[in-house]
Amino acid sequence: MTNDQFLKAIQIISANHSTNIIINYAKPNSTVKTNSKNLTIHISECCASVINNLIEAGYSLSMEKGMTSVNYYK
């Protein structure tokens with residue numbers, strides 16, 4: 001995800017105050033790469049409109065271990 005795509009996703013997500021996100025999540029015993037090409041967003045709690053708005057904006061969502069991962073593949 002590029003910086004612009006990352007910021008657009010954050011803008012969509014932040015429109016709802018009840019959303020909980022994790023930025024640059026790392027699995028236990030792994031490291032986070034901090035360069036701007038490895039930006040990740042995981043949603044742990046949100047309302048349905050956040051999911052709908054992300055999909056309408058072209059983001060791909062996948063679920064793993066109770067978190068929704070936000071990606072952009074276009």
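Please treat every number below as a calculation from the coordinates, not as lab data. None of the values given here were measured: they were computed from a predicted structure. No Cβ is skipped: glycine too gets one built from the backbone with ideal geometry, and neighbour counts run over all protein chains shown.
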The range 3-71, dipole about Cα centre (Lys/Arg Cβ +1, Asp/Glu Cβ -1), debye to the nearest 20: 260
Extension gain from ILE55 to LEU7, taking 0.36 nm per residue of separation minus the Cα-Cα distance: 15.7 nm
Furthest towards positive pole of dipole, GLY58, SER69, ALA26, structure part the range 3-71, Cβ charges: ALA26
Full-extension gain in nm, ASN24 to GLU45, via 0.36 nm per residue minus C-alpha separation: 5.9 nm
Option label - Cα extents along the principal axes in Å computed here, alternatives (i) 48, 31, 17; (ii) 31, 28, 21; (iii) 33, 25, 20: (iii)
